[in-house]
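Quick notes on the structure that follows.
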Amino acid sequence: MNPASPILPIITSTVVAATPLIYAALGETVVEKAGVLNLGIEGMMLVGAVAGFAAALATGSATVGFAAAAAAGVAMSLIFAFLTLSMQANQVATGLALTLFGIGLSAFVGHSLAGTPIQGLQGVEIPLLSQLPLLGKLLFHYDIMVYLSLVLLLAVYWFLSKSHTGLKMRAVGESPTVAHAIGHPVILIRYLAVMFGGATAGVAGAYLSIVQTPMWVEGMTAGKGWIALALVVFGTWKPLRVVCGAYLFGGVTVLQLYAQGFGLGVPSELLSMLPYAATVVVLVIICRDPKTILLNQPVSLGRSFHPDA
C-alpha cells in the first residue's frame, strides 16, 4: 500500500475546506484595513450561498451562480455600509444585526430549495501536470475557485502593500481625519472596501453550496463566517498569514471528520467542536501579547467618521 495514500485525501480535503475561509477572510482583511469592522460575514455568506445555489440551479452554470452570490453579498454589504458609514450606526451592533438578517433571509429564500442537488464544480485537468506522480493529485486537480483564491491572495497582497490606491485605503484606516484633510474621499473608500468584502463573502458562501456540498442546506456556513473574522486577527491583518491560518483551520476541520470516520473512541460532539475550540485557543494565545495585535491593527478600526465632524 502506498504510504502517501491516506495523506493525500487529507491534504486535498484541507485545501477545499480552507477555500471559503480564504475568500471571506481576505475580503474582511481589506475591509478592516479601511478601518471598518463588519461582523456580518456569516449573514453575507449565507445569503451568497442561497443566491449562488438558486442561480446555478436555474441556469445550470456555476459561473452565473458565483456572480449572483457576489452580487448578493454586495447588496448585503451596502445595507451595512449605509447604516454605519452614512447613518453613523454602531458597527458592531449593525454587523451582528446583519448576520441575524442574513440567517433569516437565507432560510426564507431557500426554503423551497433545501435538499435539491446540483452538478457541482468539477476539478480542472491541467495537461501533463495533472498526470505527474503524487504532485499531480496534490496540486493540479482542484476546481478553478481554489486557484482563484490564490490569485486573490496575490492581488490583495499587492493592493495593500504595493499600490497607490491601497496606500490611500490604509491611510483611511489609520487616520481618517488626516486622510480627509489631505483630500482623500474617506467615505467612498470605505464604501468600496465594504463592498469588496461583501462580494468575497458571497463567493465564499457560494463555494459551500455549489462546490463543497453541492446543495442548499439551511445554516450551512456553520460558523465559518466567525472563523473568517478570527482569521483576520490570527493573521494580524497580513494576507499571507491569514491564508496560512485558513489552511490550518481547514486542516483541523478535516481531521475531526477523518477522526470520526476512523472510529476513535471520542464523542462526535467533542470532535465537531475542535475547529471552534482551536479558534478560541489561538486567539487567546495571540492576544496575550498586545504588541502582536497593536503592531498591525488599523488604528481607527471600528470607529465612525463623518466628514462634517
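Along region 21-29 the Karplus relation, 6.51 cos²θ - 1.76 cosθ + 1.60 evaluated at θ = phi - 60°, assigns HN-Hα couplings of 5, 5, 4, 5, 6, 5, x, 5, 4 Hz to successive residues, with x for each Gly and Pro.
Electrostatic bookkeeping for residue 298 treats Lys and Arg as +1 and Asp and Glu as -1; over the other residues with beta carbon under 11 Å from its beta carbon, the sum is +1. Applied to region 32-49, the Karplus parametrisation 6.51 cos²θ - 1.76 cosθ + 1.60 on θ = phi - 60° returns per-residue 3J(HN,Hα) values of 6, 5, 8, x, 10, 10, 10, 8, x, 4, 4, x, 5, 5, 5, 5, x, 5 Hz, with x for Gly and Pro. When the charge dipole of the chain is built from unit charges on Cβ atoms (+1 for Lys and Arg, -1 for Asp and Glu) and taken about the Cα centre, the candidate among 273, 205, 191 whose Cα reaches farthest toward its positive end is 191.
A simple rule links phi to the HN-Hα coupling: the Karplus curve 6.51 cos²θ - 1.76 cosθ + 1.60 with θ = phi - 60°, which for region 198-209 gives x, 5, 5, 5, x, 5, 4, x, 5, 4, 5, 8 Hz, with x for Gly and Pro.
No value in this document is a laboratory result; all are computed from the given coordinates. Everything numeric here is computed off the predicted structure, so don't read it as measured data. Neighbour counts are summed over all protein chains in view; Cβ atoms, including those assigned to glycine, are modelled from backbone coordinates with ideal geometry.
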